[in-house]
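Below is one structure, written out as structure tokens; comments come after it.
The values are calculated or read from the model by the stated rules, or taken from the named source; none is laboratory data. Since we're looking at a predicted model, the values are computed, not measured. Neighbour counts are summed over all protein chains in view; Cβ atoms, including those assigned to glycine, are modelled from backbone coordinates with ideal geometry. To get the accessible areas, we keep the full protein, side chains included, count just its heavy atoms, and leave off ligands, DNA and RNA. Shrake-Rupley method; radii C 1.70, N 1.55, O 1.52, S 1.80 Å.
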Amino acid sequence: MKQLVRMFLLIFIVSFALMYVVSTLNSTQGYSGKNTLTIYNWGDYIDPDLIKQFEKESGIKVIYQTFDSNEAMMTKIAQGGTTFDVAVPSEYAISKMKEENLLLPLDHSKLPNLKYINPRFMDLSFDKKNTYSIPYFWGTVGIVYNPDMLDGKKPTSWNDLWDENLRNQILLVDGAREVIGMGLNSLHYSLNDTNEEHLQEAKQKLSTLTPNVKAIVGDEIKMLLANEEAAVGVVWSGDASEIMSENEKLDYVVPEEGSNLWFDNMVIPKTAKNLEGAHQFINFMLEPEHAAQNAEYVGYSTPNEKALEYLPEEIAGDERFYPDPEMTKKLEVYENLGKRMLSHYNELFLEFKMHKK
Ligand code: SPD
């Protein structure tokens, strides 16, 4: 009996000592369970040095998680059971998340650096007055191509992708709106079309593209194209810019039929546990030098007007990635098509992917 008591006493002392060591370690590193910030962002979408710098300056420990589509991100946040403090959805997802009460209103008084954002990217229809979201990156969808692998035939139209000389030469971004949108645009329909006949026509047309499609891929699309594993890629502009910095032979074009103009903004989801830290992080990312460093690292276009002054002219002055408002006039922003139609786009995309396999 005495032995049993001694054993319990020992276990109690060891556990207590362990708890003490862990809590001391945490406090010397400047964070505790309460002092953490969970960020949910696209893959390859931040300079990791900025996270380290934010942790150092704020004393907040960042837990960083990534997603690869708006759909996956929305499902995870809607399911609950997560504690994301900051997320980075695209415009149509922001509109949907607002509708589903998944976002918290922002306190603009805690975001003094918001003044650096070009007004062109503020007060957009998906979030009037930026009540719920703050611009992070923006861009287009287009075709990155390797002229050497195309016998000098530069693509200018979505329809050029159906050329039979491109057998097994195309990589596609893994995005439902992007791929179905490409099918719709190639038929001169809107990227936000909800007409079932048009959608079936786009599906049919896309199925005839499959012999040319080598793969539908995520972030590895950049490495594959830079390494000349395929002649052509349908990509987000920022990825094209990153690929082209790795392989200078490549070029990027926004097809003449039109394409998508997109905006990724920072939001605070309803799941947030550290509102103060979330505002601190958003304001940190809005600091012009940080926004410039981030843009240079990931290759995407910053909406931060002041940050452009810190970027080399060959980046900030490149009209392929910083098209002016006149040039983006013919492009379409994805609309929130409603739950049913968004699911339908996803189903069509899945069918296309299965057809491809
Ligand atoms: N690797 C990061 C990619 C993020 C791109 N977001 C684009 C969203 C377009 N709807």
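So here's what we get for this one:
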| item | result |
| --- | --- |
| Relative contact order for the chain, counting Cα pairs under 8 Å that sit 6 or more residues apart, in percent | 26 |
| Residue (of L166, G43, G258) at the positive-pole extreme of the chain, dipole from beta-carbon charges | G43 |
| Dipole of the chain, positive end: most advanced residue of A292, Y189, Q65 [Cβ charges, Cα centre] | Q65 |
| Sequence of E55, E296 when ordered by accessible area, the most exposed leading, probe 1.4 angstrom | E296, E55 |
| In order through the range 140-147: 3J(HN,Hα) via Karplus (6.51 cos²θ - 1.76 cosθ + 1.60), integer Hz, x for Gly, Pro | 10, 10, x, 10, 9, 9, 10, x |
| Calculated [θ] (222 nm, deg cm²/dmol) that DSSP helices of n ≥ 4 give over the chain, each run adding -39,500 (n - 2.57) | -12500 deg cm²/dmol |
| Leading residue at positive end of dipole, the chain (Cβ point charges), from G233, L150, H108 | H108 |
| With Cα atoms, 0 to 90° folded angle of helix 196-207 axis to the chain main axis | 90 |
| GNM top mover of G277, G81, G139 - the chain, alpha-carbon springs below 10 Å | G81 |
| Inter-label distance, nm, simple model (7 Å from Cα along the C-beta direction), E220/E100 | 2.9 |
| Cβ charges +1 (Lys, Arg) and -1 (Asp, Glu), total dipole of the range 212-352, debye | 800 |
| Selected from E332, E228, E313 as most flexible by GNM, with the chain as the system and alpha-carbon contacts under 10 Å | E313 |
| Bridge type composition, the chain - antiparallel percent by DSSP, nearest 5 | 55 |
| Magnitude of the charge dipole, the chain, Cβ model with Lys/Arg +1 and Asp/Glu -1, debye to 20 | 2020 |
| Residue with peak Gaussian network fluctuation, the chain [Cα springs, cutoff 10 Å], from A202, A78, A278 | A78 |
| The range 133-188-the range 297-335 distance, computed between alpha-carbon centres (Å) | 19 |
| The range 276-352: trypsin sites (Lys or Arg not before Pro) falling in loop per DSSP and having at most 14 other Cβ within 10 Å | K329, K330 |
